[in-house]
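J.: Have a look at this one before I ask anything.
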Amino acid sequence: MPAPIDYSKLRIVPDFDTAEWWAAAREHKYLVRQCPDCGHKWFPPIFPACARCGSLKPGWFQTAGKGVIHSYVVVVQPIVGAFIGTVPYVVAIIELDDCREAGGSVTRVAGVMLDDEPEVAIGLPCEVVYEETADPRIVMPRWRVSGSAANVWRFNE
Amino acid sequence: MGSLTDKYCIVGVGETPHMRPSNRTTLSMACEAVSKAVADAGLKLSDIDGMTSYQIGDSTTSPHVATALGMRLNYAVDILGGGSSGEALVAHAIGLIEAGYCKTMVIFRSMNGRSGRRMGGQTPGGPVPVAVAEGDGQFNMGWGWTTPAQRFGMSAMRYLRDTGCTTKAFAEIAVAHRYHASLNPKAIHRNPIAIEDHQRSRWIVKPFRLLDCCQETDVSVAIVVTSRERAFDLRHPPVFIMGGYARTLTDSPQWNYSRDEIHYVAGNYGWKRAFGMAGISHKDVDFVSCYDAFTFTTLIQLEANGFCRKGEAGEFVKGGRLRIDRELPSNLSGGHLSEGYTHGVQMVIENVRQLRHRADDACPGWAEGRHTYDRKAGCRQLRKADICCGMGWGWENMASCLILRGIAA
Ligand SMILES: [Zn+2]
């Protein structure tokens, strides 16, 4: 498990489009946007319109926070100050299980894994966990590998 | 462009030296680059009546440069935009001149990309300030996932998994572009490297090593665009604009990383427009340039723009194929990886110099177009440089392109 993230060096500033997302995370709920007109889901919530039908009144969908690792990077050289002591850490893109749409559209989210690089692979199932930060208003979702899979791929260089 | 193909030309190019640091303002550097590009065209500053630039909130503006240099402009607009904006502004210039808004236009980019705002961020040292995550940053900074290397690495990793390609293909690009830089007196890294040097360089963010990443520099670059009627009277052989595409976007279900295939980049459909406008096919192209912010961005652009089949770019670049005197020379100045980082414009500049047959190399007669073609003696002019395809990159889902030809084609 990578060393802790120094959240005292990070200030998240929710805005009018994202305040409800951060409020839900505080209650350990993982939201994605969902269009009430056509059902399309998306992430991140900074986008205030539905890319499928153009609706300007997006709602929310609460996911179970389970998915499959679609890709990942291993950050070795830190850039954001809060992560100086955290390197190396894995950032993954996760394809959410309950956000696959009939048209083939998928919703992917991203986050920092709790697992070290050798434990992570494309194709592995994972789940969200919640981490307190230095700011009582902000709870940060992290992800951890939650099982095994037949077809996985690891970067071995 | 169709009916406008070959009707507009790039007639002047200029740049300041790549510095780390420049110890200059972006306005001071822009004035020098604009003056040099105008002089290179054989024009006076008073002959220029249009100016435009792009930036990301890190630079000066056209009105500042025009005021400083005493230029009276008929058109001046600056845009916010990342890589691949230079080619887009060439398209603007064509439209503006065609419409009569101005006659001859200079396009510049000026940035203290090393000593000022760095694209790749600054590795923390000393006391660490609190980082503020707002807007897009709410959903990447809190995950320590902010820099282009960290972001593009996500697509690169999936590409390696999907295609079976390895980072040795990345190394091929680093090696080829560095070899070209070794022939370029202006480049900041001129020591040739081997595949093993790339493979041994330290990790930045897996799957990228140090030698996968470009060299941030302080620099300003400028190009001059005008009509072919004016171009023929000027100092150098004209370089004709045959076609292109400008900041095309892929279908993006809200977010780049939710696209079905995250390494499907915008060139995939853009190239059909560019080659259609130009009326050429890939086999007519003598050399290319690729926005090499990273080795991987070159690799994926070659594939996206149809120079090889899908998933085969790793094989395609093997064995030095992108080197001068080989099948498809790429980034003959050394590019972002080895010459320095200009946010894309230096590729256009080098392509123009090659197409004029006036690459500023070590040959005593280069300024008159006389070259030795002896690479050991430092000649980097291609023997046959008639048509070039320049590929620009903004993000995985955003791309530009400029197909140019010299007077011989
Ligand atoms: Zn909708």
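The values are calculated or read from the model by the stated rules, or taken from the named source; none is laboratory data. Please read these numbers as outputs of a predicted model, since none were measured by experiment. Note that each Cβ is placed from the backbone with ideal geometry, even for glycine, and that neighbours are counted across all protein chains shown. To get the accessible areas, we keep the full protein, side chains included, count just its heavy atoms, and leave off ligands, DNA and RNA. Shrake-Rupley method; radii C 1.70, N 1.55, O 1.52, S 1.80 Å.
J.: Just one of (1) open to solvent by 30 Å² or more (accessible area, probe 1.4 Å); (2) at the interface with chain B (Cβ under 8 Å from one of its Cβ atoms); (3) closer than 19 Å to B:Arg158 by Cβ trips up A:Arg100, so point out which.
T.: Of (1) open to solvent by 30 Å² or more (accessible area, probe 1.4 Å); (2) at the interface with chain B (Cβ under 8 Å from one of its Cβ atoms); (3) closer than 19 Å to B:Arg158 by Cβ, only one is false for A:Arg100: (2).
J.: If you scan the stretch A:50-94, which residues turn out to be open to solvent by 10 Å² or more (accessible area, probe 1.4 Å), more than 7 Å from every other protein chain (Cβ to nearest Cβ) and assigned to a loop (DSSP other than H, G, I, E, B)?
T.: Once the filter is applied, which keeps residues that are open to solvent by 10 Å² or more (accessible area, probe 1.4 Å), more than 7 Å from every other protein chain (Cβ to nearest Cβ) and assigned to a loop (DSSP other than H, G, I, E, B), the stretch A:50-94 yields A:Arg52, A:Cys53, A:Gly54, A:Ser55, A:Leu56, A:Lys57, A:Pro58, A:Ala64, A:Gly85, A:Val87, A:Pro88.
J.: Given the conditions (1) within 16 Å of the ligand (Cβ to nearest atom); (2) modelled with pLDDT of 95 or more, report the number of the one that A:Ala102 does not fulfil.
T.: (2)
J.: Determine if the stretch B:370-390 includes at least one residue that is open to solvent by less than 10 Å² (accessible area, probe 1.4 Å) and closer than 28 Å to B:Pro207 by Cβ.
T.: Taking every residue of the stretch B:370-390 in turn, at least one turns out to be open to solvent by less than 10 Å² (accessible area, probe 1.4 Å) and closer than 28 Å to B:Pro207 by Cβ.
J.: Only one of these conditions is not met by B:Asp162: (1) at the interface with chain A (Cβ under 7 Å from one of its Cβ atoms); (2) open to solvent by 50 Å² or more (accessible area, probe 1.4 Å). Which number is it?
T.: (1)
J.: Same structure, new question: Restricted to the stretch A:42-65, and to residues that are under 21 Å from B:Trp145 (Cβ atoms) and touching a strand residue (DSSP E or B) at 6+ places or on another chain (Cβ under 6 Å), which residue is nearest to the ligand (Cβ to nearest atom)?
T.: Checking each candidate, the answer is A:Trp42.
J.: Of all the residues that make up the stretch B:322-343, how many are open to solvent by 10 Å² or more (accessible area, probe 1.4 Å) and farther than 14 Å from B:His177 by Cβ?
T.: 2
J.: Name the residues in the stretch A:109-130 that are within 11 Å of another protein chain (Cβ to nearest Cβ), touching a residue at least 40 places away in the same chain (Cβ under 8 Å) and assigned to a strand (DSSP E or B), would you?
T.: Passing the criteria: A:Val109, A:Val112, A:Met113, A:Ile122.
J.: Given the structure, is B:Arg72 more than 14 Å from chain A (Cβ to nearest Cβ) and among the basic types (Lys, Arg)?
T.: yes
J.: Step by step: first the residues of the stretch A:33-49, then only those that are part of a strand (DSSP E or B) and out of contact with any Gly (no Cβ under 8 Å at 6 or more places or on another chain), then the one that is surrounded by the fewest Cβ atoms within 10 Å (Cβ to Cβ). Which residue is that?
T.: Per the stated criteria, the residue is A:Trp42.
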